[in-house]
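J.: Take a look at this one; I'll ask things after.
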Amino acid sequence: MVSRLILVLGDQLSMDVAALRKADKTRDIVVMAEVTDETGYVAHHPKKIALVLSAMRHFAMALKKDGWTVAYTYLDDAGATRSIVGELMRRAEEYDTTEVLATTPGEWRLIEALNNAPLTLSMLPDDRFVASQTEFDDWAKGRKSLRMEYFYREMRRKTGLLMDDGAPAGGKWNFDHDNRKTAQPDMLRSQPMQFTPDDVTEEVLSLVEARFGKNFGALRPFHLAVTRPDALRALDHFAKYQLPEFGDYQDAMLCDDRFLNHSLLSPYINLGLLSPLEVCQRVEKEWKDGRVPINSAEGYIRQIIGWREYVRGLYMREGPEYPQRNVLNQTRDLPWMYWGGETRMNCLRHAVAQTREDGYAHHIQRLMVTGNFALLAGVDPHQLHEWYLAVYVDAYEWVEAPNTVGMSQWADGGIIASKPYVSSGSYIDRMSDYCASCEYSVKNKTGENACPFNLLYWDFLDRHRDRFARNPRMGTMYATWDRMGAERHDAVRDGAARILKRLDRGEVV
Ligand SMILES: Cc1cc2nc3c(=O)[nH]c(=O)nc-3n(C[C@H](O)[C@H](O)[C@H](O)COP(=O)(O)OP(=O)(O)OC[C@H]3O[C@@H](n4cnc5c(N)ncnc54)[C@H](O)[C@@H]3O)c2cc1C
Ligand code: SF4
């Protein structure tokens, strides 16, 4: 019988991924390929490239050990093509078959490339998500607004997670109200688990150093997990040591603690090393066994079966053009400080420094520091989207684009966020210790030394008055602005114009 090619992409590293489940180990050939189109469609952080390549190589080894035949293309293989489709064509010729079984890729770019390939392709739904796309589309159909919270409740009912006889455990669906505590530096707070690179990873690190060493980001030290057993260890460590206070400190930021109680599991879940459901079930168990309070368990599970599922459903529903949206017509170039250029803004300096070193910043840093500043400063959302896609080790378009274009930049016109996530410096001051050691004064609302967020926040609202003034959730902001009076308005507008001019001239802000 003629064999088929079973495509396994770099973020489909799960033994039970749909295409592998339907394949026949005795005759089919698993195709995995490291190709330059994938390592280069944006200038990825070197740690991200190393993570994906090393995880792919380890997964291929695990497949072979399990009895599969794997046709694996290394990045430096002579005769290798640039693309996934190119590699499939090459293997099709080698194994004399045009039949390909694939699991639907997470990105439109690859879905379209595969659909256009001259191959006999069967594309199976990627069922590693809690909701199928059909379920999401059915939920979304006919709704005026697609609020995550309601979708999340459906997912709670579907999975039974934190449910008590059909009602939400603890009497509430959402404990976010309890999750806004500020954090104090704590030398004893546990940090995410670190792993020592083995020989396979070391080889990948040398390759990445040579080929991608000039990309933004530090390759070493490299301590990420690249196998499922290690990812499971990272989950276990998180559940035991960081989860109990996850809820309390979910929104907090500290200069000397990059991770606080965050799990750092997104790279492993997104690659397929961990399944989202098993992660949530483990978290629920910690709560059931009395080791974790409900606000932490619920807060964490909501991020995964709520936000993660919801942004994926939206990305697929909205189609390939979604990342191009720019409803607010923002056109400013991404400031150089996002690539490590000098800045006097302590919050931005910290967020970018840890992004460069770790390929990681937690959600509030992404949303309320780098995202907030870009939105207030009128940065082109597509440039920002490409930045997020490049610099984070967990970044894949299906999850990154809705978070950036939708949640953070309101460039989709409010599909995801009912109002823009913007704030002045006082939010950052409340949730972090950044302002205490900043060259700007968060208390100053106008003048040379005023925190740029303070000036740009009101200027943004003023610039976009026609669009937002009637938004019921923004009425009080406009009422406050109106009460400030003409003199203060002029000072804010002048101060904001000064900062924006400096950004445009490439001067330090
Ligand atoms: C502008 C912007 C860009 C982002 N880009 C990405 C990205 O490229 N890849 C990515 O996985 N996440 C992205 N996020 C969402 C979120 O910031 C990260 O999932 C989270 O910071 C990952 O770190 P963690 O594992 O320590 O998360 P934790 O705080 O421990 O959260 C637990 C898990 O919940 C999931 N999660 C939490 N929030 C979200 C969310 N908004 N959307 C989807 N999943 C979520 C992740 O799987 C995460 O591992 C982005 C958020 C913003 C505001
Ligand atoms: S004062 Fe403003 S710029 Fe400085 S850290 Fe605080 S919020 Fe950031």
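The values are calculated or read from the model by the stated rules, or taken from the named source; none is laboratory data. Note that the structure is predicted; figures quoted are calculated from it, not measured. Every residue, glycine among them, receives a Cβ derived from its backbone with ideal geometry; neighbour counts consider all protein chains shown. Heads up: the accessible areas ignore ligands, DNA and RNA and are worked out on the full protein's heavy atoms, side chains in. Shrake-Rupley method; radii C 1.70, N 1.55, O 1.52, S 1.80 Å.
J.: Is it the case that TYR300 is within 9 Å of ligand 1 (Cβ to nearest atom), in contact with a helix residue (DSSP H, G or I) (Cβ under 8 Å, 6 or more places away or on another chain), closer than 25 Å to LEU389 by Cα and assigned to a helix (DSSP H, G or I)? Step through it out loud before you land on a result.
T.: Numbers: within 9 Å of ligand 1 (Cβ to nearest atom): yes; in contact with a helix residue (DSSP H, G or I) (Cβ under 8 Å, 6 or more places away or on another chain): yes; closer than 25 Å to LEU389 by Cα: yes; assigned to a helix (DSSP H, G or I): yes.
It is true that TYR300 is within 9 Å of ligand 1 (Cβ to nearest atom), in contact with a helix residue (DSSP H, G or I) (Cβ under 8 Å, 6 or more places away or on another chain), closer than 25 Å to LEU389 by Cα and assigned to a helix (DSSP H, G or I).
J.: Which of the residues that make up region 324-365 are within 16 Å of ligand 1 (Cβ to nearest atom), within 22 Å of GLN250 (Cα to Cα) and among the polar types (S, T, N, Q)?
T.: GLN354, THR355, GLN365 - these are the residues of region 324-365 that are within 16 Å of ligand 1 (Cβ to nearest atom), within 22 Å of GLN250 (Cα to Cα) and among the polar types (S, T, N, Q).
J.: Take GLN281 and decide whether it is polar (S, T, N, Q), part of a loop (DSSP other than H, G, I, E, B) and in contact (Cβ under 8 Å) with a residue 24 or more places away in the chain. Working first, answer last.
T.: Numbers: polar (S, T, N, Q): yes; part of a loop (DSSP other than H, G, I, E, B): no; in contact (Cβ under 8 Å) with a residue 24 or more places away in the chain: yes.
So GLN281 fails the test.
J.: Collect the residues in region 256-294 that are at positive phi and small (Gly, Ala, Ser), keeping them in residue-number order.
T.: GLY272, GLY290
J.: Pick from VAL292, VAL279, VAL283: which is away from ligand 1 (no atom under 12 Å from the Cβ), over 16 Å from the mean Cα position of the chain (by Cα), among the β-branched types (Val, Ile, Thr) and at pLDDT 95 or above?
T.: Working: VAL279 fails: away from ligand 1 (no atom under 12 Å from the Cβ); VAL283 fails: away from ligand 1 (no atom under 12 Å from the Cβ).
None of the others qualify; the one that does is VAL292.
J.: Identify, from the list ALA450, ALA390, the residue that is within 14 Å of ligand 1 (Cβ to nearest atom) and in contact with a Phe, Trp or Tyr (Cβ under 8 Å, 6 or more places away or on another chain). I'd like the intermediate steps shown before the answer.
T.: Values: ALA450 fails: within 14 Å of ligand 1 (Cβ to nearest atom).
Step by step, each of ALA450, ALA390 is checked, and only ALA390 is within 14 Å of ligand 1 (Cβ to nearest atom) and in contact with a Phe, Trp or Tyr (Cβ under 8 Å, 6 or more places away or on another chain).
J.: Name the pairs: first residue in region 411-435 and closer than 21 Å to PRO185 by Cβ and within 16 Å of ligand 1 (Cβ to nearest atom), second residue aromatic (Phe, Trp, Tyr) and modelled with pLDDT of 95 or more, Cβ to Cβ under 8 Å, at least 6 apart or on different chains?
T.: As it stands, the answer is ILE428/TYR434; ILE428/PHE453, since those pairs meet every condition given.
J.: Within region 74-90, take every residue that is of a type in the set (A, V, I, L, M) and part of a helix (DSSP H, G or I) and give me the one that is nearest to GLU34 (Cα to Cα).
T.: Pass one, region 74-90, residues of a type in the set (A, V, I, L, M): 75, 78, 80, 84-85, 88-89.
So of that shortlist, the ones also part of a helix (DSSP H, G or I) come out as 84-85, 88-89.
Details: ILE84: 8, VAL85: 12, LEU88: 12, MET89: 15 Å.
Among those residues, the one meeting the criterion is ILE84.
J.: Could you figure out which of (1) farther than 23 Å from LEU205 by Cβ; (2) among the hydrophobic types (A, V, I, L, M, F, W, C); (3) within 11 Å of ligand 1 (Cβ to nearest atom) isn't true of PHE259?
T.: Failing condition for PHE259: (1).
J.: Also: Kindly state which helices (runs of 4 or more DSSP H) lie completely within region 303-378 and contain at least 2 residues that are closer than 26 Å to ARG220 by Cα and among the charged types (D, E, K, R). First the steps, then the outcome.
T.: Values: elements: 309-318, 346-358, 372-376.
Because the criterion is at least 2 residues that are closer than 26 Å to ARG220 by Cα and among the charged types (D, E, K, R), the helices (runs of 4 or more DSSP H) in region 303-378 that meet it are 346-358.
J.: Which of the following residues is farther than 23 Å from GLY495 by Cα, among the acidic types (Asp, Glu), under 27 Å from the mean Cα position of the chain (by Cα) and within 16 Å of ligand 2 (Cβ to nearest atom): ASP433, ASP429, ASP412?
T.: Working: ASP429 fails: farther than 23 Å from GLY495 by Cα; ASP412 fails: within 16 Å of ligand 2 (Cβ to nearest atom).
Testing whether each residue is farther than 23 Å from GLY495 by Cα, among the acidic types (Asp, Glu), under 27 Å from the mean Cα position of the chain (by Cα) and within 16 Å of ligand 2 (Cβ to nearest atom) leaves just ASP433.
J.: State all residues of region 442-463 that are open to solvent by 30 Å² or more (accessible area, probe 1.4 Å) and within 9 Å of ligand 2 (Cβ to nearest atom); if no residue qualifies, say none.
T.: Taking region 442-463 as the starting set, the residues that turn out to be open to solvent by 30 Å² or more (accessible area, probe 1.4 Å) are 443-449, 458, 462-463.
Passing the criteria: LYS443, ASN444.
J.: Would you confirm whether any residue within region 224-235 is over 21 Å from the mean Cα position of the chain (by Cα) and surrounded by 20 or more Cβ atoms within 10 Å (Cβ to Cβ)?
T.: no
J.: Is it fair to say VAL393 is in a loop (DSSP other than H, G, I, E, B), open to solvent by 20 Å² or more (accessible area, probe 1.4 Å) and among the hydrophobic types (A, V, I, L, M, F, W, C)? Before the answer, list the steps.
T.: Details: in a loop (DSSP other than H, G, I, E, B): yes; open to solvent by 20 Å² or more (accessible area, probe 1.4 Å): no; among the hydrophobic types (A, V, I, L, M, F, W, C): yes.
Answer is no for this residue.
J.: Continuing with this model, one more query. Can you tell me which condition THR159 does not meet? The list is (1) surrounded by 13 or more Cβ atoms within 10 Å (Cβ to Cβ); (2) modelled with pLDDT under 95, and all the others hold.
T.: Status for THR159: all satisfied but (2).
J.: Please tell me if TYR315 is farther than 30 Å from GLN191 by Cβ, within 15 Å of ligand 1 (Cβ to nearest atom), open to solvent by less than 20 Å² (accessible area, probe 1.4 Å) and of a type in the set (Ser, Thr, Tyr). Walk me through it before giving the result.
T.: Numbers: farther than 30 Å from GLN191 by Cβ: yes; within 15 Å of ligand 1 (Cβ to nearest atom): yes; open to solvent by less than 20 Å² (accessible area, probe 1.4 Å): yes; of a type in the set (Ser, Thr, Tyr): yes.
Taking the combined requirement at face value, the residue satisfies it.
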